[in-house]
Protein chains: 4
Amino acid sequence: MLNNHVGRPFEINATKSFNTEKNIKIADFRGQVVVVYVFQMLCPGCVSHGLPLAKNLQQSFRSDDVQVIGLHSVFEHHEVMTPSALEAFIHEYRLTFPIAVDTPSQHSNVPETMKAYQFGGTPTLLVIDRQGRLRLNHFGSINELQLGAIIGSLLDEKSVQTQTEDADESSGRCDDEGCRI
Amino acid sequence: MLNNHVGRPFEINATKSFNTEKNIKIADFRGQVVVVYVFQMLCPGCVSHGLPLAKNLQQSFRSDDVQVIGLHSVFEHHEVMTPSALEAFIHEYRLTFPIAVDTPSQHSNVPETMKAYQFGGTPTLLVIDRQGRLRLNHFGSINELQLGAIIGSLLDEKSVQTQTEDADESSGRCDDEGCRI
Amino acid sequence: MLNNHVGRPFEINATKSFNTEKNIKIADFRGQVVVVYVFQMLCPGCVSHGLPLAKNLQQSFRSDDVQVIGLHSVFEHHEVMTPSALEAFIHEYRLTFPIAVDTPSQHSNVPETMKAYQFGGTPTLLVIDRQGRLRLNHFGSINELQLGAIIGSLLDEKSVQTQTEDADESSGRCDDEGCRI
Amino acid sequence: MLNNHVGRPFEINATKSFNTEKNIKIADFRGQVVVVYVFQMLCPGCVSHGLPLAKNLQQSFRSDDVQVIGLHSVFEHHEVMTPSALEAFIHEYRLTFPIAVDTPSQHSNVPETMKAYQFGGTPTLLVIDRQGRLRLNHFGSINELQLGAIIGSLLDEKSVQTQTEDADESSGRCDDEGCRI
């Protein structure tokens, strides 16, 4: 069985980015938990389920804890799902998180990032830990309680930079006042 | 400002229990994360939002990780929200998790557990950690991603019994194969 | 096959009424289209689907065109779905349309109106025309576009006062077998 | 106040059609009630509310009673909402009813049919009676019970073939101001 590259370092291969001034690199978010929402603008399940979830993620967590990134991985109808069409889609659906365009392949309908990490289709949800490793590679709809539990667990993990100095810090994000999001 | 008893030990004061053979004691679930769904059978928000969430919690996590408990805390219409009426409600709504009846007060409309921990009303959601301490005391509707994150974080905490021997166990529930629920 | 009494005169057999000062009689609404929502307060499908539909009907049409009536037809758990319990339910769910209690049978669990017109269970939706005849007797959930079409068609029918002049106009899309879409 | 052309004859001005072999003309559906769903493929409200309603209409009524027609009236992002892009959209969303492309204007962003009948935007729902007259011109979301009632009432009206004998029957619940519930 394929392991979907879970546990290994993850990086996006993109040609163009929206809602940001520079190219999107997962490496730039080291120390944060990153959720990548992989979609196509003409994919009904992406619009009805994936997109509301991506917006909900953006609103449910502090942006310095959890960063939401979109990845437009076109594997069909390439002639109409162009970067210009995506730009109109982003405008109409009022998406404000950074969105990258997966690099088209020279040899296949499947773009480069999608092929490299064997995404099952769209929508796919990726969760990347504070150290830049892929921890979830999930195709289709997803249970929000379970996704929240994965994110809550990853938020508790130390990032590689601060791991040593915080070794004596106790149980993390919960104290006598409650558990903070 | 009141702290809603968060961080302190929590126990139910109950007169009667359904879906279980003995009286429900939170102490009996030491080592598990416990979610208590506080409700009244004639409370519209409990039926429309709280109940589906309680069932979803029961299905989303392994029962040896997360235990769902119902607590019927009647503070109005006492004459019709009797244990017999609750029994019919449990039967009709096909609830299968253990449900306790909060002990009525001799001096007030508010039952004993509700009064002791200052629940804001119904539905209220309580989350109790592996050591039996109250970690969330939330009145009203709740964001499932955020609730999942709290549970995910508490699942990572060691329970008091096993804390010493597992001290060297690394990052918990996620490994190279993924994050397990 | 049973015809569910469609096309015949309809009247409620009730012992008690709420949200009105006198006993509810369908005959008192002659000239209006009447929708009767048959329910039990502990029936999950009634609370989740039937009740929102009844409220929507009340808000979607002028009350002198369409009158919504509730009918509490208890055929199980009689000891806890009492008129007192129903009164608390009506208060908590903020129901404002007239609600009648179906007369309990001396010989059966099924109350008198339910038995007389062979309702299939709860929720059941009845639609009665301007002349007091039953035109729809539907058990379970229902398509709102189709229900709206039945009501729109019945609103176009003349009431008994103006019937003479149109006596030769046959009754349109409804007959003894029901109202067809 | 504008009357939105309600009560007057309606015809589509279209350049291209999908899901049908010939150009779509409302005149070809004389004798049926026609519902026209006016949309843009990148309009979020069209995709989330209008499209499910159009599919529901198609399934709720017999096609020889009610004909559903789509009209793609593009007034923004013309360069990406092309007929080719619409064709991919129709394929992905599995739309099976006939869909016409509103004729682009030489002088304005607003296409010809949209301009002629002063649609308020997208989604707009038009209802056309058995004689080809516009009876509802509604912008935005709509109550399904009320829409069903309008359709139910129009289904009861005679078509042009049988009109002579009923010539003195005035047009019922719809007039130049619209169709009243």
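Listed values, structure above:
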read-out: Residue within region A:110-121 that is open to solvent by 10 Å² or more (accessible area, probe 1.4 Å), more than 11 Å from chain D (Cβ to nearest Cβ) and of a type in the set (K, R) present; value: yes
read-out: Residue match in region B:69-80 (condition: of a type in the set (G, A, S), modelled with pLDDT of 95 or more and surrounded by fewer than 21 Cβ atoms within 10 Å (Cβ to Cβ)); value: no
read-out: Hits in region C:72-118 (condition: touching a Leu at 6+ places or on another chain (Cβ under 7 Å) and of a type in the set (D, E)); value: C:E92, C:D102
read-out: Any hit, region C:39-56, residues being of a type in the set (S, T, Y) and buried (at least 20 other Cβ atoms within 10 Å of the Cβ); value: no
read-out: Region A:6-64, residues that are on the phi > 0 side of the Ramachandran plot and among the acidic types (D, E); value: none
read-out: Inter-residue pairs, beta-carbon under 7 Å, first touching a residue at least 24 places away in the same chain (Cβ under 8 Å) and in region A:42-61, second open to solvent by less than 10 Å² (accessible area, probe 1.4 Å) and among the small types (G, A, S), 6+ apart; value: A:L42/D:A88; A:A54/A:G70
read-out: Tally of residues being in contact with a strand residue (DSSP E or B) (Cβ under 9 Å, 6 or more places away or on another chain) and under 18 Å from C:P83 (Cα atoms) across region C:9-24; value: 11
read-out: Pairs, first touching a residue at least 40 places away in the same chain (Cβ under 8 Å) in region A:121-145, second basic (K, R) and part of a strand (DSSP E or B), C-beta under 9 Å, six or more apart; value: A:L126/A:R135; A:V127/A:R135; A:I128/A:R135; A:D129/A:R135
read-out: Hits in region D:71-85 (condition: more than 7 Å from chain A (Cβ to nearest Cβ) and under 19 Å from A:F39 (Cβ atoms)); value: D:M81
read-out: Looking only at region D:122-152, and only at residues there that are in a loop (DSSP other than H, G, I, E, B) and in contact with a Gly (Cβ under 6 Å, 6 or more places away or on another chain), the one that is surrounded by the most Cβ atoms within 10 Å (Cβ to Cβ); value: D:P123
read-out: Test set (1) more than 14 Å from chain A (Cβ to nearest Cβ); (2) in contact (Cβ under 8 Å) with a residue 60 or more places away in the chain; (3) open to solvent by 60 Å² or more (accessible area, probe 1.4 Å); (4) out of contact with any strand residue (DSSP E or B) (no Cβ under 8 Å at 6 or more places or on another chain) - D:A27 fails condition number; value: (3)
read-out: Selection status of A:N4, within 17 Å of A:T122 (Cα to Cα), open to solvent by 10 Å² or more (accessible area, probe 1.4 Å) and modelled with pLDDT under 95; value: yes
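Yes/no matrix, rows are residues, columns are (1) touching a Lys or Arg at 6+ places or on another chain (Cβ under 8 Å); (2) under 27 Å from B:V74 (Cβ atoms); (3) open to solvent by less than 10 Å² (accessible area, probe 1.4 Å):
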| site | (1), (2), (3) |
| --- | --- |
| C:K16 | no, yes, no |
| C:G31 | yes, no, no |
| C:A85 | no, yes, yes |
| C:T103 | no, no, no |
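Per-residue answers, yes or no, for (1) within 10 Å of another protein chain (Cβ to nearest Cβ); (2) basic (K, R); (3) assigned to a helix (DSSP H, G or I); (4) touching an Asp or Glu at 6+ places or on another chain (Cβ under 7 Å):
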position	(1), (2), (3), (4)
B:P52	yes, no, yes, no
B:R62	no, yes, no, no
B:I69	no, no, no, no
B:E87	yes, no, yes, no
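Every residue, every condition in (1) over 29 Å from A:I142 (Cα atoms); (2) touching a Pro at 6+ places or on another chain (Cβ under 9 Å); (3) not in a helix (DSSP H, G or I), yes or no:
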{"residue": "B:V38", "(1), (2), (3)": "no, yes, yes"}
{"residue": "B:N56", "(1), (2), (3)": "no, no, no"}
{"residue": "B:Q59", "(1), (2), (3)": "no, no, no"}
{"residue": "B:F97", "(1), (2), (3)": "no, no, yes"}
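The values are calculated or read from the model by the stated rules, or taken from the named source; none is laboratory data. Since we're looking at a predicted model, the values are computed, not measured. Don't worry about glycine lacking a Cβ; one is built from the backbone with ideal geometry, like all the others, and counts go over all protein chains shown. Side chains included, ligands, DNA and RNA excluded: accessible areas come from the protein's heavy atoms. Shrake-Rupley method; radii C 1.70, N 1.55, O 1.52, S 1.80 Å.
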